[in-house]
Amino acid sequence: MTAVGQQSPGGMSIGSVLDRLRPDFPDVTISKIRFLEAEGLISPERTASGYRRFSIADCERLRYVLTAQRDQYLPLKVIKEQLEAIDSGVARVERAEDAPRRPRGLSIAPGEVSPEEFLADREVRVSKADLMERAGVDETFVTELIRGGLLTPGQAGFYDEGSVTLARTAKAMLQFGLEVRHLRAFKLAADREAGLVAQIAGPVAKGRDAGARDRAEEMIRELAALSLTLHTCLVKAAVRGALDR
């Protein structure tokens, strides 16, 4: 393993890196590589125009991370600690593929939605007035969403960015003749899906090893992404069927 700072001149584009990794990691995506960079596991150079340029060392580092995730199902926190130990010379270089294999868990969801989209965003507090202004709705509509269980204010009555998107989307759907009560069906379906995901990931979170919680959170993100992709496919198929009747 090569330290993060050791880069070669020139370098490859993120698409070229993806082509190198795909034969061994079919589910890897550009979003996944960007996510690993955001988590500090790789640090590619940037051109003057802001494009990423990856070295062979960066590819080796990515391969190490992806192998550790796939075969050992290690959380990123643990993998990052291993890489930092290698970079500092504290630990010896060990290829992840040489380590004992554990049962394979989920890899990045191969669908339209990336698991990284379910990462917690930077907390932003939105007041009710800001919510109404940004979503283009009035207080009566916000109250209806709250009563319908679609919108839930946080502490001190503040909302988050997702609430703005939800209110804006609900308003758009109502323009097709729907009412807020009709949107309850979407809320109930989401609650059922979330409950199923929690049932699967719950036992993992209760594991006694240090990385249990991280593994459970990663599993939840991937299952949520797969669930949303499946939901989208099913809705598309059902709509096509309805139009053909």
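The values are calculated or read from the model by the stated rules, or taken from the named source; none is laboratory data. Small disclaimer: the values here were computed from a predicted structure and weren't measured. In this analysis, Cβ positions are derived from the backbone assuming ideal geometry, glycine residues included, and neighbour counts consider all displayed protein chains. Side chains are part of the model used for accessible areas, which takes the heavy atoms of the whole protein and leaves out ligands, DNA and RNA. Shrake-Rupley method; radii C 1.70, N 1.55, O 1.52, S 1.80 Å.
Quick one: which residue in LEU74, LEU62 is touching a helix residue (DSSP H, G or I) at 6+ places or on another chain (Cβ under 7 Å) and at pLDDT below 85? Lay out the reasoning, then the answer.
Working: LEU62 fails: at pLDDT below 85.
Residue meeting the stated conditions: LEU74.
Regarding the range 215-238, can at least one residue be identified that is surrounded by 10 or more Cβ atoms within 10 Å (Cβ to Cβ), over 16 Å from the mean Cα position of the chain (by Cα) and not in a helix (DSSP H, G or I)?
From the range 215-238, those surrounded by 10 or more Cβ atoms within 10 Å (Cβ to Cβ) are 215-238; that's our starting set.
Remaining after also requiring over 16 Å from the mean Cα position of the chain (by Cα): 231-238.
Filter once more, keeping what is not in a helix (DSSP H, G or I): none.
Within the range 215-238, none of the residues are surrounded by 10 or more Cβ atoms within 10 Å (Cβ to Cβ), over 16 Å from the mean Cα position of the chain (by Cα) and not in a helix (DSSP H, G or I).
Does the range 188-197 contain at least one residue that is surrounded by 15 or more Cβ atoms within 10 Å (Cβ to Cβ) and charged (D, E, K, R)?
Yes.
Testing ASP27 on (1) part of a helix (DSSP H, G or I); (2) at pLDDT 80 or above, one condition comes back false. Which one is that?
Of the numbered conditions (1) part of a helix (DSSP H, G or I); (2) at pLDDT 80 or above, the odd one out for ASP27 is (1).
Going through the range 45-57 one residue at a time, which ones are within 15 Å of ASP87 (Cβ to Cβ) and surrounded by fewer than 14 Cβ atoms within 10 Å (Cβ to Cβ)?
So in the range 45-57, the residues within 15 Å of ASP87 (Cβ to Cβ) come out as 55, 57.
None; the set is empty.
Can you name the condition, by its number, that GLU37 falls short on among (1) over 20 Å from the mean Cα position of the chain (by Cα); (2) in a helix (DSSP H, G or I)?
(1)
Using the structure shown, decide if LEU174 is farther than 26 Å from PHE35 by Cα, open to solvent by less than 70 Å² (accessible area, probe 1.4 Å) and in contact (Cβ under 8 Å) with a residue 24 or more places away in the chain. I'd like the intermediate steps shown before the answer.
On the way: farther than 26 Å from PHE35 by Cα: yes; open to solvent by less than 70 Å² (accessible area, probe 1.4 Å): yes; in contact (Cβ under 8 Å) with a residue 24 or more places away in the chain: no.
Judged against the criteria, LEU174 is not a match.
Cβ-Cβ below 8 Å, separation at least six or inter-chain, first residue in the range 206-221 and at positive phi, second open to solvent by 40 Å² or more (accessible area, probe 1.4 Å): which pairs?
none
Can you find even one residue in the range 153-167 that is closer than 30 Å to VAL78 by Cα and either of a type in the set (Asp, Glu) or not in a helix (DSSP H, G or I) (or both)?
no
Using the structure shown, decide if ILE42 is open to solvent by less than 40 Å² (accessible area, probe 1.4 Å), under 20 Å from the mean Cα position of the chain (by Cα) and more than 17 Å from ARG221 (Cα to Cα).
Working: open to solvent by less than 40 Å² (accessible area, probe 1.4 Å): yes; under 20 Å from the mean Cα position of the chain (by Cα): yes; more than 17 Å from ARG221 (Cα to Cα): yes.
Here the answer is yes, as ILE42 does meet what is asked.
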